[in-house]
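Chemist: My questions all concern the structure below.
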Amino acid sequence: VSERIAFLGSGVMAEAMIRGLLAEGGADAGDLWASGPREERARQLHETYGVRAVTDNLEAVANADLVVLSVKPPSLPGLLAQIRPALRPEQPVVSIVAGARLSMLAAALGHPAIVRCIPNLPCRVGRGLTAWTAAQEVSEEACASVRRLLGALGEEIRVADDHELDRATAVYGTAPALVALFAKALEDAAVFAGEPRSRARGLLLRSLVGTAEMMLASDEHPAELVDTVTSPEGVMSRARHVLDSGGFSALLTDAVDAALRRTVELGDRLEERGKL
Ligand SMILES: NC(=O)c1ccc[n+]([C@@H]2O[C@H](COP(=O)([O-])OP(=O)(O)OC[C@H]3O[C@@H](n4cnc5c(N)ncnc54)[C@H](OP(=O)(O)O)[C@@H]3O)[C@@H](O)[C@H]2O)c1
């Protein structure tokens with residue numbers, strides 16, 4: 001990554017991306033700008049990562065080749081109005097704001113080069129997955145810059161439109177937290193069964209990673225894997241029955257469905273605010 005990048009909104013996700021870019025992407029701290037309202041947060045980011053952290057969004061915009069919008073949805077309309085006059089036509093704008101659609105962003109910024117993406121948290125360690133979509137008007141050169149930025153954080157995948165990006169938000173954006181919830185529940189179950197927590201945590205996480213790597217390395221469907229280890233009257237058979245009768249699979253489906261509906265709702269709300 002050779003561009004100068006400005007993160008407008010320097011919270012959890014901006015920090016995860018900054019950390020990933022510095023550790024895994026080979027970015028130079030002097031090329032990364034982060035802006036946010038709080039002086040002490042700026043100081044902390046500068047001291048931890050050496051990035052140029054400021055409290056003035058416009059200073060960050062003026063010094064960047066590429067601008068990332070990383071505020072929460074309610075802060076977005078004000079931020080868009082503030083930076084609109086300061087953007088240069090060739091400056092790609094990448095939004096990571098859940099729900100915010102390309103057409104709304106383009107209209108609010110009066111700017112053609114808009115990309116919408118949804119990174120996920122493992123980008124902190126260069127193992128993220130970022131789905132992104134770009135308006136037709138975005139140049140190949142701008143798309144290439146975005147690919148370099150997101151590729152430095154892990155895998156990037158371009159999807160067709162806002163509709164697919166909403167779905168990616170609900171599925172891949174939430175996946176790390178859902179997996180973390182699962183890991184936490186499994187750890188509690190281990191403790192309930194008598195395992196010391198200190199031992200269970202690391203071993204279960206290694207089991208998660210090992211299982212994921214094994215499945216990635218083979219063409220075996222997850223259902224086949226489960227069947228392989230479920231024998232008649234066996235140990236796994238009993239455990240599986242409990243999960244099935246508790247509606248484990250249906251519950252996850254409902255959770256992702258709720259996340260998708262909330263993503264669309266956030267987008268609708270931002271569009272309504274744009275019309276006011
Ligand atoms: N968390 C995830 O897994 C995830 C994944 C993908 C995308 N996203 C999206 O990423 C965005 C950021 O999420 P987050 O979890 O990083 O939130 P966050 O930690 O709250 O970060 C947002 C930051 O923006 C700052 N801010 C507020 N108003 C601002 C303004 N006008 N100009 C500049 N900065 C401003 C906030 O400062 P204060 O703290 O001082 O208010 C805060 O530091 C959200 O839109 C979310 O939908 C999140």
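Chemist: Which count do you get for residues in segment 247-276 that are surrounded by 11 or more Cβ atoms within 10 Å (Cβ to Cβ), of a type in the set (Lys, Arg) and more than 19 Å from the chain's Cα centre (by Cα)?
Modeler: Qualifying residue count, segment 247-276: 2.
Chemist: Given (1) among the aliphatic types (A, V, I, L, M); (2) touching a Gly at 6+ places or on another chain (Cβ under 8 Å); (3) open to solvent by 60 Å² or more (accessible area, probe 1.4 Å), where does Ala29 come up short, assuming only one miss?
Modeler: (3)
Chemist: May I pose another question? Condition first: in a loop (DSSP other than H, G, I, E, B) and either surrounded by 23 or more Cβ atoms within 10 Å (Cβ to Cβ) or in contact (Cβ under 8 Å) with a residue 40 or more places away in the chain (or both). Now tell me which residues in segment 109-136 satisfy that.
Modeler: Ala113, Pro119, Asn120, Gly126, listed by residue number.
Chemist: Going through Glu233, Glu224 one at a time, which residue ends up being outside any helix (DSSP H, G or I) and free of Cβ contacts under 8 Å to residues at least 24 places away in the same chain?
Modeler: Glu233
Chemist: Does segment 137-161 hold any residues that are assigned to a helix (DSSP H, G or I) and open to solvent by 30 Å² or more (accessible area, probe 1.4 Å), and which are they?
Modeler: Glu140, Glu141, Ala144, Arg147, Arg148, Gly151
Chemist: Going by what's in this entry, would Ala100 be described as open to solvent by less than 10 Å² (accessible area, probe 1.4 Å), within 23 Å of the chain's Cα centre (by Cα), over 18 Å from Ala134 (Cβ atoms) and within 14 Å of the ligand (Cβ to nearest atom)?
Modeler: no
Chemist: Could we say that Val209 is more than 16 Å from the ligand (Cβ to nearest atom), of a type in the set (Val, Ile, Thr) and open to solvent by less than 60 Å² (accessible area, probe 1.4 Å) here?
Modeler: Taking the combined requirement at face value, the residue does not satisfy it.
Chemist: Follow-up. List every residue pair whose Cβ atoms lie under 8 Å apart, where the two residues are 6 or more positions apart in sequence or sit on different chains, the first residue falls within segment 151-171 and is within 15 Å of Ala258 (Cα to Cα), and the second residue, located anywhere, is of a type in the set (S, T, N, Q).
Modeler: Asp166/Thr263; Thr169/Thr263; Ala170/Thr263
Chemist: Out of (1) surrounded by 17 or more Cβ atoms within 10 Å (Cβ to Cβ); (2) part of a loop (DSSP other than H, G, I, E, B), what's the single condition that is false for Glu195?
Modeler: (1)
The values are calculated or read from the model by the stated rules, or taken from the named source; none is laboratory data. Since the model is a prediction, treat every value here as computed from it, not as a measurement. Here the Cβ is made from the backbone with ideal geometry for all residues, glycine too, and neighbour counts use every protein chain on show. Ligands, DNA and RNA are stripped out before the accessible areas are found, and what is left, the full protein with its side chains, is counted by its heavy atoms. Shrake-Rupley method; radii C 1.70, N 1.55, O 1.52, S 1.80 Å.
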